[in-house]
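Asks: Quick one: structure below, then a few questions.
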Amino acid sequence: MKILEVKNLIKSFGGLRAVDGLSIAIEEGQIFGLIGPNGAGKSTAFNCIAGVYPPTAGDVYFYSEKANNKKPWDLCRKGLARTFQIVKPFASKSVLYNVMVGSFSRTEKRSKAEEKALEILASLHLYDKKDVKAGNLTIADRKRLEIARALATEPKLLLLDEVMAGLRPTEVDEMVAIIRNLRDSGITVFVIEHIMRAIMALSDWIVVIHYGRKISEGTPEEVASDEK
């Protein structure tokens, strides 16, 4: 079953067409990769899908329901969550507080929000840092916290925007394992990444865009052998 379908998506900013006729389809249970050089339009596409930007043209469907004019918080309640390339936690608040903010999208009870947040922190090996201020975390831990905040909203589809940027090789390997575990837990993952060894190892299917246009798609092996 298709969880996400994007048809002929266009996003223009004045005379600049950042996304130019992009069409993709993601099946439930996939790890779906989106790659391309800096400025290719990857994050703009994410922002259109997640409701941050309205598309200039084209359609976005989440579980076959048109999502073009949905607000990010409405899509979140329906099961679409995302992380951001530039991680901005509530720096003066604890790690637990940061994740509980996400939990409150699903419950009004503090006890349930805290229970869910602690469960997620344990799964991401952040439980022992639950009382640490988010601003004092390492880059690697901030990236995991960003994922934890998104997971607290109980997503069916998780959009990950360069969660491995700035990580050391061993930390990249840890993040690859985390993303695989997310898929194994039933979450479909749509990931933008520049670290090729990671995205090639992770993805079931990859789309490549350049200047906002799709230039290739297929399995990692097919994309890697495509001259374009």
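The values are calculated or read from the model by the stated rules, or taken from the named source; none is laboratory data. Note that this is a predicted model, so its numbers are computed, not measured. Please note: Cβ atoms are built from the backbone with ideal geometry, for glycine as well, and neighbour counts cover all protein chains shown. Just the protein is used for accessible areas: all its heavy atoms, side chains included, with ligands, DNA and RNA removed. Shrake-Rupley method; radii C 1.70, N 1.55, O 1.52, S 1.80 Å.
Asks: Answer yes or no: is there a residue in region 127-138 that is assigned to a helix (DSSP H, G or I) and under 29 Å from residue 23 (Cα atoms).
Replies: Checked region 127-138: no residue is assigned to a helix (DSSP H, G or I) and under 29 Å from residue 23 (Cα atoms).
Asks: A further question on this structure: For region 39-55, how many residues are among the polar types (S, T, N, Q) and in contact (Cβ under 8 Å) with a residue 40 or more places away in the chain?
Replies: Adding up the residues that qualify gives 2.
Asks: Tell me whether region 1-9 contains one or more residues that are within 25 Å of residue 184 (Cβ to Cβ) and charged (D, E, K, R).
Replies: Checked against the condition, which is being within 25 Å of residue 184 (Cβ to Cβ) and charged (D, E, K, R), region 1-9 yields at least one hit.
Asks: Also, quick follow-up: Of all residues in region 49-58, count the ones that are more than 18 Å from residue 156 (Cα to Cα) and under 19 Å from the mean Cα position of the chain (by Cα).
Replies: 4
Asks: I need a count of the residues in region 53-62 that are open to solvent by less than 40 Å² (accessible area, probe 1.4 Å) and either modelled with pLDDT under 95 or in contact with a helix residue (DSSP H, G or I) (Cβ under 7 Å, 6 or more places away or on another chain) (or both).
Replies: Qualifying residue count for the region: 3.
Yes or no, residue by residue, for (1) out of contact with any Leu (no Cβ under 7 Å at 6 or more places or on another chain); (2) among the charged types (D, E, K, R); (3) without any contact (Cβ under 8 Å) to a residue 40 or more places away in the chain; (4) surrounded by fewer than 17 Cβ atoms within 10 Å (Cβ to Cβ):
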residue: 64; (1), (2), (3), (4): yes, no, no, yes
residue: 69; (1), (2), (3), (4): yes, no, yes, yes
residue: 86; (1), (2), (3), (4): yes, no, yes, yes
residue: 97; (1), (2), (3), (4): yes, no, yes, no
residue: 107; (1), (2), (3), (4): yes, no, yes, yes
residue: 116; (1), (2), (3), (4): yes, yes, yes, no
residue: 127; (1), (2), (3), (4): no, no, yes, yes
residue: 137; (1), (2), (3), (4): no, no, no, no
residue: 144; (1), (2), (3), (4): no, yes, yes, no
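Asks: Tell me which of these residue 160 doesn't satisfy, since it passes every other one: (1) open to solvent by 20 Å² or more (accessible area, probe 1.4 Å); (2) touching a residue at least 60 places away in the same chain (Cβ under 8 Å).
Replies: Against the list (1) open to solvent by 20 Å² or more (accessible area, probe 1.4 Å); (2) touching a residue at least 60 places away in the same chain (Cβ under 8 Å), residue 160 comes up short only on (1).
Asks: Let me confirm something: among 215, 209, 192, which residue is open to solvent by 20 Å² or more (accessible area, probe 1.4 Å), under 11 Å from residue 36 (Cβ atoms) and either at pLDDT below 95 or hydrophobic (A, V, I, L, M, F, W, C) (or both)?
Replies: 215
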